[in-house]
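To start, the structure under review is shown below, and the notes come after it.
The values are calculated or read from the model by the stated rules, or taken from the named source; none is laboratory data. Because the structure is a prediction, the values reported are computed rather than measured. In this analysis, Cβ positions are derived from the backbone assuming ideal geometry, glycine residues included, and neighbour counts consider all displayed protein chains.
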Amino acid sequence: MEDKKILFSAIQPSGILTIGNYLGALKNFRKLQSDYNSVFSLADLHTLTVRQDPAVLRKNTYELAALYLACGIDPEESVLFVQSHVAAHAELTWILNTVCYPGELSRMTQFKDKSLKHEDNVNMGLMDYPVLMAADILLYQTDLVPIGADQKQHLELARDLAIRFNNRYGETFRVPEGYFGKTAARVMSLAEPDRKMSKSDSNLNAFISMNDDRDTIIRKFKRAVTDSGSSITASPEKPGITNLLTVYCAFTDKSLKEAEDEFEGKGYGDFKLAVGETVADVIDPIRLEKNRILEDKQYIDSVLKSGAERAERLAGRTLAKVYKKVGLVPRARG
Ligand code: TYM
């Protein structure tokens, strides 16, 4: 690999992604990938922390691999691999567990939210989820982690664990920085704009899925909840309009001011239609390309195979260093 800084990020194959995932993650991945040695993972082990149907999980994993490729991740330039294919992720999690305290995990916002949502299945994995995420990041000596705002707290923990381990055992891990895009690090629900847009929302009108076709996208934006009044301006009193403006700006790379000027004097109806069409112009071609790639499972398998081999080499170096630092006797070879 060339001598560039290292970028790592991952997405869970836990359902069909939304434009929140696209704007918070995939769009930035594509933009940043050539400036860094980029490593992208499909975080399948993370998905097991809530109940999954095994057949659906397998299908979602291929869907996500095809989506990464359709969004412009170049598998020659970047490393694209499935987390469970590289055993070092689970192995480093064990070691990091020994420098992480239960209180640090039980106060995580996502753990608390998911514990409420999945009351019948509050398992150890759900609590340990951020430690696995820290292992993902630290194994690659990562400099930069592009993520949405909802993952910030988890990244902080990864940084804390890296620093704590380095203090205890000597310099081992690089301490990573987060990258949050200029706009849309937090895309909100179209139905309840004070909540994050989420692929697991039971209201299908609350999110735009990366599998929605052009007409569906436009229809959902037409139905999006707006606020009282009629001006198209961003403000805390107008969470619905603010969210739509944010989405519009993220898709067009316009500034908020430019967007507000553009829609000055226009009605909510025209505005929502314009946002819907703008989003559909980007998302519909990605969906078609993803479906085309999905037809060639062999190609996807070959990409993921070579990705896993490359990831394994990189991760193996860090894991060996960690095992040595903590005093584990290396296995005799030959
Ligand atoms: P996940 O799979 O929930 O989401 C993938 C990425 O999408 C971002 N995102 C959003 N961004 C803006 N607005 C939204 N409404 C929105 N919803 C989701 C997320 O912040 C994320 O960047 N734990 C991670 C996956 C992971 C990971 C890692 C990430 C595992 N290991 C190591 C970075 C580094 C997660 O569940 O993301």
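Laid out as a table, the results:
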quantity: From the options Ala280, Ala308, residue that is out of contact with any Pro (no Cβ under 7 Å at 6 or more places or on another chain), over 16 Å from Leu42 (Cβ atoms) and in a helix (DSSP H, G or I); calculated: Ala280
quantity: Residue check for Lys182: modelled with pLDDT under 95, in contact with a Ser or Thr (Cβ under 6 Å, 6 or more places away or on another chain) and outside any helix (DSSP H, G or I); calculated: no
quantity: Breaking point among (1) at positive phi; (2) within 25 Å of the chain's Cα centre (by Cα), for Leu288; calculated: (1)
quantity: Condition check for Ile11: modelled with pLDDT of 95 or more and touching a strand residue (DSSP E or B) at 6+ places or on another chain (Cβ under 8 Å); calculated: yes
quantity: Matching residues, the range 290-305, being assigned to a helix (DSSP H, G or I) and closer than 27 Å to Val86 by Cβ; calculated: Lys290, Ile293, Leu294, Lys297, Gln298, Tyr299, Ile300, Asp301, Ser302, Val303, Leu304, Lys305
quantity: Residue satisfying condition, being out of contact with any strand residue (DSSP E or B) (no Cβ under 7 Å at 6 or more places or on another chain) and under 17 Å from Ser38 (Cα atoms), within set Met108, Met124, Met133; calculated: Met133
quantity: Subset of the range 198-219 that is at pLDDT 95 or above and assigned to a loop (DSSP other than H, G, I, E, B) - its residue that is farthest from Ile11 (Cα to Cα); calculated: Asp213
quantity: Qualifying positions in the range 118-146 - more than 10 Å from the ligand (Cβ to nearest atom) and assigned to a helix (DSSP H, G or I); calculated: Glu119, Asp120, Asn121, Met124, Gly125, Leu126, Met127, Asp128, Val131
quantity: Whichever residue in the range 147-179 is over 18 Å from Gln110 (Cα atoms) and touching a strand residue (DSSP E or B) at 6+ places or on another chain (Cβ under 9 Å) and, among such residues, is farthest from the ligand (Cβ to nearest atom); calculated: Arg174
quantity: Extreme residue, nearest to the chain's Cα centre (by Cα), among residues of the range 178-207 that are under 22 Å from Val50 (Cα atoms) and surrounded by fewer than 15 Cβ atoms within 10 Å (Cβ to Cβ); calculated: Ser200
quantity: Some residue of the range 166-186 being more than 30 Å from Leu245 (Cα to Cα), touching a Cys at 6+ places or on another chain (Cβ under 8 Å) and not basic (Lys, Arg); calculated: no
quantity: Residue match in the range 211-221 (condition: under 30 Å from Arg174 (Cβ atoms) and without any contact (Cβ under 8 Å) to a residue 40 or more places away in the chain); calculated: no
quantity: Counted residues, the range 147-177 - those being among the aromatic types (Phe, Trp, Tyr) and either surrounded by fewer than 20 Cβ atoms within 10 Å (Cβ to Cβ) or in a helix (DSSP H, G or I) (or both); calculated: 2
quantity: Matching option when the condition is surrounded by fewer than 18 Cβ atoms within 10 Å (Cβ to Cβ) and in a helix (DSSP H, G or I), among Pro236, Pro285; calculated: Pro285
quantity: Any chance Leu105 is surrounded by fewer than 23 Cβ atoms within 10 Å (Cβ to Cβ), within 15 Å of the ligand (Cβ to nearest atom) and not in a strand (DSSP E or B); calculated: yes
quantity: Inter-residue pairs, beta-carbon under 7 Å, first at positive phi and in the range 13-41, second part of a loop (DSSP other than H, G, I, E, B) and surrounded by fewer than 24 Cβ atoms within 10 Å (Cβ to Cβ), 6+ apart; calculated: Gly15/Lys199; Gly15/Ser200
